[in-house]
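Notes to accompany the following structure.
Laboratory data are not the source of any read-out in this text; all were calculated from the coordinates shown. Owing to the predicted nature of the structure, the values given are computational and were not obtained by experimental measurement. Here the Cβ positions follow ideal geometry from the backbone for every residue, glycine too, while neighbour counts run over all protein chains shown.
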Amino acid sequence: MLFAGPAMYSFTVFEYICKGYVTKFPMGWSWNEKTEKAGKTGKVRYMVDAIQRQKTKLAIDGGEKAFGAMTGRPERKVGVAEFLSIAERFGFSEEAKVRLREAVSEGDLDPNGPHLGRYYGSASPSMGERFEDLAREQFAARHAYAVCNGTSALHVALRAVGVGQGQEIICPATGFIATALAGALLGATPIFCDVDASLQMDPSKIESLITPRTAALMPTHYMGFVCDMDPIMEIARRHDLKVIEDCAQSPGATYHGRPVGSIGDVGCFSISSYKIIGGGEGGMVVTNDDLLFDRIRQASEGGGLWRPDRFAPERYEGELFVGGNARLSELESAVNVVQMRKLSGIVSRHRRVWSRIGGQLADYAEIEWQKSNDPAGDIGYVMRFFPANDALGAKIVEALSAEGIPASYRGSNGGPDWHVFRYMFPLFAEHGDHCLAELCPVATDLHDRCINLGLNQWWSDADCDAVAAGLNKVLAAYCTIKESSDGSDTA
Ligand SMILES: Cc1ncc(COP(=O)(O)O)c(C=O)c1O
């Protein structure tokens, strides 16, 4: 300690002078020079000798401890104020916040306060683990890993399956920009696959896009509807490609009885306030593949906290590689544990509303309903149909709005929209050749010519009946009811 540095021995020498042990100094030095030089040159060896004579026994030899118990009074790093800050963010009223403040005090917490990290934290199991348990159950997957958002879920999934520089990924032309961005972030080129009348990746268009650089297919289950996964999986297996399902917009949907996300190699979810479940930001990655699961965690937590021994050498080839940190926070997990429990109720309410309204609608000659790849598996939170032309679409939506039925129509003059490939501007600079509108004419046409009717899960049967009647009223006014094969109309 004595020789720890100039400041330290300045202080120590000063102390000994005050105590009268050191009284003589070489002439002509200022105090700092004197003390500095004493330490550096040894010219005032007698000072040191004086100090050393006073040395007491080391604690290690049974002497008194230099630093026994701390006398400063620590405050918890995280305590009641943080808890109340969350309550404030929730938007509780001033009165409720006063009641909460009265109800909880620092004394109610562990003396060290909560440790809100997922690992080494004060909750066991952690909220992250509980969120994952629910995801495994809900999405019928052997493994689930919680990440900070849906984009990161896609990014780590792609990294885990080995997508990188110079490779290509095949994304649907309608969905959301994040799917393509996740691949581009890794240096891969997104190639857009046109859609069919389901607005999902058209399996018949995939094979012509496959090149020796193709690494993965990324079907997006778009807006509560499901992709046609059987042909997609068949193509992928035949060409030895990985399939990463983007389920951000359809958690809880199923395809031929299997939850989306459990069909491909990896399933990615966004559990965020912008989706049907999620309180803030959050994401989930699921897989049935043990090795891929390790790689997903390595991609998500390059610091290795996920490993039984984070510093252990590679246990098998491919286990270790450069990863980032996409771990979900415990606070978000706490919210999303509750959200996950609400998912099946949300899905079944939407399905009830969908089928009650859908069951009452006639077929009309001038409109085409969005195709379903599995009517029993869709969630159905938005009803979509394509009018024959722009003018008809605009008239229908105006009339529906007047009836009090919420609907929207883009039309061919609609503004930029990141749900369709041709507006995904951030990709253009690096991958522009694949973002031209004419490459995916069906997506371009149908996305513009689509009427969207948002369905409310809380509509009662009477609400559904009123909406169905309003829809038939408007559509019958502008379109021709198609006759069924037995000659009756379809209403
Ligand atoms: C299909 C799709 N994939 C990925 C994402 C990205 O999710 P997040 O916003 O949680 O990053 C979204 C978000 O809108 C999405 O719709």
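Pair-distance distribution P(r) for region 127-339, from all Cα-Cα distances in 10 Å bins starting at 0: 9, 38, 37, 14, 2, 0 percent.
For n ≥ 4 DSSP H runs only, could you compute -39500 (n - 2.57) per run for the chain, divide by its residues and tell me the 222 nm figure to the nearest 500?
Taken over the chain, the calculation gives -11500 deg cm²/dmol.
Distances between every pair of Cα atoms in region 75-225, grouped in 5 Å steps from 0 to the bin holding the largest one, split as 2, 8, 12, 12, 13, 12, 10, 8, 8, 7, 5, 3, 1, 0 percent. Modelled spin-label separation between Leu100 and Asp463, with each label point placed 7 Å from Cα along the Cα-to-Cβ direction: 2.8 nm.
Once the Cα-Cα distance is subtracted from the 0.36 nm per residue extended length, the Leu291 to Arg213 segment shows a gain of 25.8 nm.
Each residue, Asn452 and Asp133, gets one label point 7 Å from its Cα in the Cβ direction; the gap between the two is 3.7 nm. Taking only the alpha carbons of the chain, we obtain Rg and Dmax values of 32.6, 121 Å in that order. For region 171-259, trypsin sites (Lys or Arg not before Pro) meeting the loop criterion (DSSP other than H, G, I, E, B) and having at most 15 other Cβ atoms within 10 Å: Arg213. Exposure proxy shown here: for Tyr409, Tyr120, Tyr145, the number of other Cβ atoms within 10 Å sets the order, fewest to most, as Tyr120, Tyr409, Tyr145. Dipole of the chain computed with +1 at Lys/Arg Cβ and -1 at Asp/Glu Cβ about the Cα centre; of Ala253, Leu154, Trp354, farthest Cα towards the positive end is Leu154. For region 239-303, the share of alpha carbon pairs falling in successive 10 Å distance bins from zero is 21, 45, 30, 3 percent.
May I ask you to list the GluC sites (Glu not before Pro) in region 316-348 that are in a DSSP loop and have at most 10 other Cβ atoms within 10 Å of their Cβ?
Details: sites: Glu317, Glu319, Glu330, Glu332; in loops: Glu317, Glu319.
Those satisfying the criteria are Glu317.
Shown in residue order for region 64-79 are the 3J(HN,Hα) couplings computed by the Karplus curve 6.51 cos²θ - 1.76 cosθ + 1.60 at θ = phi - 60°: 6, 5, 5, 10, x, 9, 5, 9, x, 10, x, 10, 4, 5, 10, x Hz (x for Gly and Pro). Once both labels are positioned 7 Å from their Cα atoms along Cα-to-Cβ, the gap between Ser484 and Val78 label points is 5.9 nm. Sequence-distant contacts, meaning Cα pairs under 8 Å at least 6 residues apart, place the relative contact order of the chain at 15 percent. The overall shape of region 123-163 is prolate: from the C-alpha gyration tensor, with semi-axes ordered a ≥ b ≥ c, the ratio a/c is 1.5 or greater and a/b exceeds b/c.
If you look at the Cα atoms of region 350-491, you get an Rg and a Dmax of 16.9, 56 Å. Here the relative contact order of region 341-478, from alpha carbon pairs under 8 Å that lie six or more residues apart, stands at 38 percent.
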